[in-house]
Amino acid sequence: PAKARALYYDRVAWAHAKSGHAQPALRALTEAHEALSEPQADEPPSWAYWVTPAELDVMDARVYTELRKPLRAVPLLKEVLSRYDSTHTREVALYLSWLAVALVEANEPEEAAATARRMLDLSADSASNRTAERGRVVLAKLELYRDVPEVGEVLNGYAA
C-alpha cells in the first residue's frame, strides 16, 4: 500500500542521511512523497494511520537536519509546529529538538536556545526516553555557543 511504501522510503532516506549520503537520502524523500500522493488502491495497514503529508514533512526536516541542511529544515519545522496539535506534548518536544539542532547548524544560537528551552520545559514531565535523549543531543549541540548569554542560561539551567 502507498502509505507503507511512503514509510519505507522515509526510513531509507533516514538511513542514507545517518550514513552521510545526501543524494540517495533526498531521492528517497521524493519517493516517499510520490508514494503518499498516489491514489490509495488498497486499504493501508492499520499501523500506518499516522503516515500523512504533515508527518512526512517532519521526517523530511529530520533528514535535512541530519544532512546539515538547516535552510531546508528550519522553515519546514516551523510550519509543521505552527499547525501541530499542542496537546501532543511528546511529539512537539521531539520536533522542537530537531528545530533547535537545525538552528544551531544555521548559526542562530539565540533562537536555538529559546527553542531548546521550550523543548526541555515540555519534556520535563515526560517519561519518554526518546525526548530525554533528544534533550541531551540539543544541549550538546548548544555547547558550541556556550558564551552566548541565552545559550549559557539554557546550558546552566538544564545541566544533566
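Net charge near Glu108, counting Lys/Arg +1 and Asp/Glu -1 over other residues with Cβ under 13 Å of its Cβ?
Once all neighbours under 13 Å are counted, the net charge is -2.
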Accessible solvent surface per residue of region 1-79, calculated while the other protein chains remain in place, 1.4 angstrom probe, Å²
55
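Give, in whole angstrom and from largest to smallest, the semi-axes √(5λ) of the equivalent ellipsoid of region 37-90, with λ running over the eigenvalues of the Cα gyration tensor.
Details: eigenvalues 113, 48, 19 Å².
Equivalent ellipsoid of region 37-90: 24, 15, 10 Å, largest first.
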Taking Rh as the Kirkwood radius computed over C-alpha pairs, what is the Stokes-Einstein D of region 7-79 at 4 °C in a medium of viscosity 1.567 mPa s, expressed in µm² per second?
103
Paramagnetic label zone (point 7 Å from Cα along Cα-to-C-beta, Glu110; backbone N under 16 Å) in region 130-160
145-154
Per GNM of the chain with C-alpha springs under 10 angstrom, the most fluctuating residue out of Ala73, Ala132, Ala48 is Ala48
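With an 8 Å Cα cut-off and a minimum separation of 6 or more residues, compute the relative contact order for region 79-143 in percent. Can you show the working numbers first?
Values: 61 pairs, mean separation 23.6, N = 65.
Value for region 79-143: 36 percent.
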GNM result for the chain, Cα springs below 10 Å: residue of Tyr49, Tyr145, Tyr84 fluctuating most strongly:
Tyr49
The percentage of the accessible area of the chain (probe 1.4 Å, all protein chains present) made up of carbon and sulfur atoms, to the nearest whole number, is 52
Once fully extended, how much extra length lies between Gln40 and Tyr84, figured as 0.36 nm per residue of separation less the alpha-carbon to alpha-carbon distance?
13.4 nm
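For region 1-141, what's the relative contact order in percent, using C-alpha pairs closer than 8 Å and at least 6 residues apart?
Across region 1-141, relative contact order equals 19 percent.
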With at most 16 neighbouring Cβ atoms within 10 Å, loop trypsin sites (Lys or Arg not before Pro) (DSSP) excluded, longest segment of the chain
69-145
Per-selection metrics, region 1-138 (Cα): Rg and Dmax in Å
15.2, 47
In this structure, the FRET efficiency calculated for Ala4 and Arg136 from their beta-carbon separation, with R0 = 41 Å, to the nearest 0.05, is 0.80
In the Gaussian network model of the chain, springs joining C-alpha atoms below 10 Å, which of Glu150, Glu111, Glu43 carries the largest mean-square fluctuation?
Glu43
Please state the charge dipole magnitude for region 26-151, taken about the Cα centre, from unit charges on C-beta atoms (+1 on K and R, -1 on D and E), reported in debye and rounded to the nearest 20.
420
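The values are calculated or read from the model by the stated rules, or taken from the named source; none is laboratory data. From a predicted model like this one, the values you see are computed outputs, not experimental measurements. Neighbour counts are summed over all protein chains in view; Cβ atoms, including those assigned to glycine, are modelled from backbone coordinates with ideal geometry. Accessible surface is based on the protein model in full, side chains and every heavy atom, while ligands, DNA and RNA are left aside. Shrake-Rupley method; radii C 1.70, N 1.55, O 1.52, S 1.80 Å.
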